[in-house]
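The values are calculated or read from the model by the stated rules, or taken from the named source; none is laboratory data. This structure is a prediction, so every number in the text was calculated from the model and none was measured. Positions of Cβ are generated from backbone atoms using ideal geometry, with glycine treated the same way; all protein chains shown enter the neighbour counts. Accessible surface is based on the protein model in full, side chains and every heavy atom, while ligands, DNA and RNA are left aside. Shrake-Rupley method; radii C 1.70, N 1.55, O 1.52, S 1.80 Å.
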Amino acid sequence: MKTKSIVSLASICLIAGSFVAGNVVAAAYAPMITTALCGTGVNFDSEEFQQATAMSDALCQEIAEEGIVLMKNQNNTLPLKYEQGQEKNINVFGWASSDNGFLLSGIGSGSSTISEAKKVTLLKALEDGGFTVNDDLVNFYRNYDSTNYGYNSSRIKLIEPEIDDYNAFDKSMLSYAEDFSDTALIVISRVNGENVGEIPMTQSKTKGQKNDSSRTYLELSTQEEALIDYCGDHFDKVIVLVNSTNQMQLGKLDDPRVDAVLNVAITGQSGTRAIPKILDGSINPSGHLIDTYAYDYKKEPSYANRFKTGNHIMYNEDIYFGYRWYETADAEHYFDNETREGYDENGDEKELTGYDAMVQYPFGHGLSYTTFEWSVDSFKIIENGEEKDVNATSNKITKDSKIELSLSCTNTGSVAGKDVIQLYYTAPYYQEIEKSAINLVDFAKSVELEPGKTQKDIKVTLDSYDMASYDCYDMNENDFAGYELEKGNYQLKLMENSHVAKKMKDNASSILQLVVDNDIQFDKDTKTGHEVKNRFTGEEAYAGVPIDGSTIYSNDADKPVYLSRSDFEGTFPNKALKSPTNSSAVSTANNYTNHSLDQTTMPVTSQEGKYFLKTREDGSKATLNDLNGKGQKTVYNEELIYKIGSDYDSKELADMVDQLSVDEAFAIVEDSGFGTPAIESIGKARSYDFDGPAGFNQNTQTGISSGEWTAFPSETLVGQTFSKRIAKLMGQSVGLEGMATNLQGWYAPGVNMHRSPFNGRNYEYYSEDPVLNGYMASEVILGAKSKGLYCYIKHFTLSEPGDNARNLNTWLTEQNFREMYLRPFEIAVKKGGANAIMSAFNFVGGVWAGANAAMNIDVLREEWGFKGSMITDWSDGSGSMNTKKGVRAGNDIWLNPNSGHNASPLTNSDPTDVYCAKLAAKNVIYTICETYNYFKHYDTSLDNSPIIIGESQINPPFAWWIPLLVGVDVLVAGGLGAWLYFDVIRKPKEI
């Protein structure tokens, strides 16, 4: 063969191979490609959808009105006062105030695309709200940097001019600003999110400014501090807006030249409209902080292990993070030697000491334009349905006690406003079981009260169980490991925030006493009666490897030490985790497979069909085409759905699952990305799920989005409302949008914890407190279900790190795990009726969360009584997120948008695979039926939201790229064939 023929043959093979590989990839990822190129088929043109989004937009503004926190208001600077007819002129400083600088969203799945038609920037909100903004400053920032950085990693830089740059642009600009208005509004922004890493430990800058390695991203930059100094020296009123995904270090704002500070968090598409209303007093702010604002986050016990070491991270701070650290350390006088230069209430310089030198603003802090007074109208203990009033001689509680406080809240000021009642408890501490000095246990928000008006019968409640500590090591040596209330005095505390007690009406005490005569042990779950015991600790730990990391080191000297209240000084974590030396233990956990569901007999499948979730309108069986939305209209079998949704163990559900073929059951498990497939044998329609939690997010599905769905404010701003009513309204609003666009599921809300200020995805989760997270999520779930939308609460669990934590071994005590990180999910299941959940990328201890049967089955389904479906985070079954391992451990379905392509497919000849797939299908069917049943029988008198606004159908888009690709394949194949024939096969004639 001649050289030319050899080259031709090699080229043909290379091109043909590339096309074959391309076609294989195209086939595997066809659904994703279709969605990206052709859209989702969702119809946004209906009147119902327009009605739903109008309601949602109004709710965005209400969330901001109730969630923005007035952190500082020196000399009652706010609201701004204007004479009648006076122009409301205002100077807005900081590049972050510009249309490209102010943050309406974060980064990643927690964000939502905002269409230009719905976007309300800060400047637009101010102008629409009646303020006249200094255009010179607006133009200066626009010209300084007009780049639209979007919401990605390129936005994580600090863009702020030097003070000299202002004069370089226009020497008269600053002097004109002083004449224009005596008020300076300064905006400070920080952004982070999914897949862009954790919070940077240095400050990256632009425009030739030198990067600053001495300050973290959460600190103010030298340019921002200089701007604050300049405005403080030249303007009578200086107001700072903190527009950030994370809490920040804001010590500079203590400067008496800074008059007021508003935390506006991330406002979504139109929450900015609340800002001018708060500035001029049209709205009285009622938000409260959901994180502790400290002066130096490097002094926190979580700091040394805020980031991972290799594939490991250790929560050495144990239960002591957020306010639990600061309040407990203060109670133990740990901060007694701390000092800091600061200011007194009059703005005079003063040395701050102790707690005041550590914490700038406590958890739960929030000011108002008015004042409130509380009184306790009743304090009751309820046991077996019988009530008794609590007094000095009748205040003993038992295992079954329910405690109820009824309060009155009176507006004692001069303007209307809302207040937040915060109830905490303090348990007796005996230097044994770890206990925080104070713990939030419930909260309530008043209605808007006019001056002098009182709202009565505001209830806050708890059970004895809510005050229990989880003693995983039997620290008090009473031969019991589990939840317990040790004997002693328990205090219920009515607080303004985690640090300051509320001054009550008539100087009544804000502390209410309860007594436990003898240790109370909760060996069984209070809801289900199922055994509660150590599942992750000691020799009986799941997979044989305790999650506290006690076996991952070869030498005892290297074993982890967890922060203990009995010796904060000696146990404070000062060093990052040392890489484990016992690789065998880690490997055992990483590769563990649960065998408790193993089967030896092939389960029943493909039984004759008699139960169908949907049929054609005439009652006949629906075809697969019908169920995919391409054929005849289908209707729900409501009687059947009621039976199944009301009873997880119903015969109808069991028989329906037996109707599935093996392939159908496997399809539900393997191919449920952004919805579950249509199943003809049971009349199950194709369902559609979208990402969250700030509304429906299409970005993760297509990489693009039209921004038609509402972009709600961040969960942090929702959390700052401290309003269960607002949370439920958000769930209902998202549910209505889902109803109008035929969406059935939502990957939200997120209930992971703000373990560290340096975690990049904090804005996707409500707070640093598990009770606040759990209650807010519960209300969102109940609201969404009332409109037919099921919620996959996420990420179950320990998904605190912001950089998606694939293959990350997470080590912590079982006490910390249960009290802090499992608790929000527990509340959402028990109080919110959650029937869907998303597992996390990371490992619990050394076992992938989705393959951890101790968590997914023993705790979630048995202890708590969860009934429903569990989905993975984004996965095609590759790597550690193995389908066979996960489905054997209670993880039902894979968020795999690439239909027909699973890297670890189930085997149809394996009876355990088939059994687990049927169980997964049962859970999916139950989630659908229970949600529909809840929606259809929801008592609409409980709220004022619309009952229903119609049902639409998604028409799957025509995948035009597939015939185009086939045509290209034909042309290429023909060309390659001709090339092969003429250059290689046919011998040229000799001349």
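Where in the stretch 438-475 does the label zone of Ser414 land, with the point 7 angstrom along Cα→C-beta and an amide N cut-off under 14 Å? Only 451-452 pass the distance filter.
If you take Cα extents along the principal axes in Å from the coordinates, which of [x] 105, 73, 70; [y] 101, 76, 66; [z] 78, 78, 67 do you get? Answer label, from the structure shown: [y].
Legend: residue pairs Lys794/Lys885; Lys445/Lys830; Lys445/Lys794, Cα-Cα distance threshold 24 Å; pairs beyond threshold, Lys445/Lys794.
Extension gain Asp99-Leu964, at 0.36 nm per residue separation less the Cα-Cα distance, in nm?
Computed gain between Asp99 and Leu964 is 307.3 nm.
Normalising the average separation of contacting C-alpha pairs (under 8 angstrom, six or more residues apart) by the number of residues puts the relative contact order of the stretch 70-284 at 32 percent. Taking max minus min of the alpha-carbon positions on each principal axis, the stretch 368-521 gives extents of 57, 32, 23 Å, largest first.
So, in Å, what gap is there between the alpha-carbon centers of the stretch 626-690 and the stretch 715-752? Their Cα centres are 25 Å away from one another.
Here the spin labels are modelled as points 7 Å beyond Cα on the Cα-Cβ line, and at Asp663 and Ser375 they lie 7.4 nm apart. Expressed as a whole percent, the accessible surface of the chain that belongs to carbon and sulfur atoms is 47, based on a 1.4 Å probe.
Among bridges DSSP assigns within the chain, what percent are antiparallel (round to 5)? Can you show the working numbers first?
Values: 72 of 112 bridges.
Here the share of antiparallel DSSP bridges comes out near 65 percent.
With coordinates expressed along the principal axes, the C-alpha atoms belonging to the stretch 70-284 extend over 51, 36, 31 Å, beginning with the largest.
Using the Cβ-Cβ distance between Thr600 and Asn152 with R0 set to 60 Å, the FRET efficiency works out to roughly 0.70. If R0 is taken as 51 Å, the Cβ-Cβ distance between Ser282 and Lys633 corresponds to a FRET efficiency of 0.60.
Between Ser175 and Asp506, the contour length at 0.36 nm per residue exceeds the alpha carbon distance by 114.0 nm.
Taking Cα atoms of the stretch 410-454, Rg/Rh with Kirkwood Rh, to two decimals? Before the final figure, lay out the partial values.
On the way: Rg = 16.6 Å, Rh = 13.0 Å.
In the stretch 410-454, Rg relative to Rh is 1.28.
Which whole-angstrom value gives the distance between the alpha carbon centres of the stretch 543-599 and the stretch 842-883? Their Cα centres are 20 Å away from one another. Between the alpha-carbon centers of the stretch 344-373 and the stretch 89-123, tell me the distance in whole angstrom. The distance from the Cα centre of the stretch 344-373 to that of the stretch 89-123 comes to 30 Å. Here the sum of -39500 (n - 2.57) over DSSP H runs of 4 or more residues, divided by the residues of the chain, equals -8000 deg cm²/dmol at 222 nm, to the nearest 500.
Farthest towards the positive end of the charge dipole of the chain, among the residues Ser904, Ile228, Asn211, is the Cα of Ser904, using unit charges on the Cβ of Lys, Arg, Asp and Glu. Is the C-alpha gyration tensor of the stretch 111-202 telling us rounded, prolate or oblate? Criteria: a/c under 1.5 is rounded; beyond that, a/b larger than b/c is prolate, otherwise oblate. Note, shape of the stretch 111-202 comes out oblate.
Straight Cα distances below 23 angstrom link Lys578 to the lysines Lys298, Lys299, Lys308, Lys559, with same-chain residues fewer than 8 positions distant left out. For the chain, the per residue solvent-accessible surface stands at 38 Å², with DNA, RNA and ligands left out and a 1.4 Å probe. The simple Förster model, with R0 at 45 Å and r as the Cβ-Cβ distance, assigns Ser115 and Asp649 a FRET efficiency of 0.45. For the listed residue pairs Lys728/Lys785; Lys505/Lys724; Lys633/Lys867; Lys435/Lys493; Lys399/Lys831, the alpha carbons are over 21 angstrom apart in Lys505/Lys724; Lys633/Lys867. Taking label points 7 Å from Cα along the Cα-to-Cβ direction, Ser213 and Val972 give a separation of 4.8 nm.
In this label model, Lys527 and Leu9 are separated by 7.0 nm, measuring between points 7 Å along each Cα→Cβ vector.
Pairs of Cα atoms under 8 Å, at least six residues apart: use those to get the relative contact order of the stretch 355-464, whole percent.
Values: 200 pairs, mean separation 32.5, N = 110.
This gives 30 percent for the stretch 355-464.
Based on Cα contacts under 8 Å between residues 6+ apart, the chain shows a relative contact order of 15 percent.
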